[in-house]
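Here the structure is laid out as structure tokens; the discussion comes afterwards.
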Amino acid sequence: MTHPIKSYDDAVAFHGHACPGLALGYRAARYAMDALRAGRSDDEELVCIVENDACGVDAIQVVAGCSIGKGNLILRDFGKHAYTFIDRTYNRAIRLVQRPEPVVERIDPQAAALRPKVMGGTATQEELKEFHERQTAIIDKILAMPVDDLFIIKEIEPDVPEKARIFRSVQCASCGEMVAEHRTRVKDGKFVCIPCAGEYGRGWK
Ligand SMILES: [Zn+2]
Ligand SMILES: [Zn+2]
């Protein structure tokens, strides 16, 4: 089933704000959808592996229709701006990695210089206004520039992850909450959940 192509504004509505990171994710997803000739993913035929959990991932969810809940959005948090799209139907995959030269600095070095002040809360009203104007121009540029100037793109061998499986749940011996068996840890010879085992992360790795 093919759905209409989602606009950048659709991604902004989902994400909650416009930002260069979202625009980059939007370009990556649109490129991948065109390259793989996939319609929006209703099922699991399109899988995306993202290697960061930043703004761009939200655009990918909107454009590619991949989500954590459907099991076709896989987060491998390696801290890289890299996105792999796998089309299961045609057994093809492409990987997009953001170019090493920082994109915002290339487009507008002055905006990049203002950023620490804005993020650190020390920017004046004037500087804030200037920063937002520059951000808007940067986003427009990202949306219009050749995708090769943003990403290094390669067709790769698809390494198709297993389809989402239903796992058995067991009760954590420590807190009593139910936990998927494959996410349990063994502590003192008993099955416990990850927080009770004393491992901390963002909860889904
Ligand atoms: Zn953002
Ligand atoms: Zn527990």
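Where q = 0.24 Å⁻¹, what log10 of I(q)/I(0) comes from the Debye formula for the stretch 36-144, counting one point per Cα?
-1.24
Do you know the relative contact order of the chain, to the nearest whole percent, from alpha carbon pairs under 8 angstrom that are 6+ apart?
18
Any chance you could list P(r) for the chain, counting all Cα-Cα pairs in 5 angstrom bins from zero, rounded to whole %?
1, 7, 13, 15, 16, 13, 11, 9, 7, 5, 2, 0, 0
What spacing in nm lies between the two simple spin-label points modelled at Thr136 and Glu45, each 7 Å away from Cα in the Cβ direction?
So the two model labels end up 4.0 nm from each other.
Taking the stretch 19-106, which chymotrypsin sites (Phe, Trp or Tyr not before Pro) meet the DSSP loop condition and have no more than 15 other C-beta atoms within 10 Å?
Qualifying residues, ordered by number: Phe78, Tyr90.
Any read-out appearing in this document is the output of simple, stated calculations on the displayed coordinates, not a laboratory observation. Only a predicted model underlies this, so the values are computations on that prediction, with no experimental measurement involved. All Cβ positions, glycine included, derive from the backbone under ideal geometry; neighbour counts span all protein chains shown.
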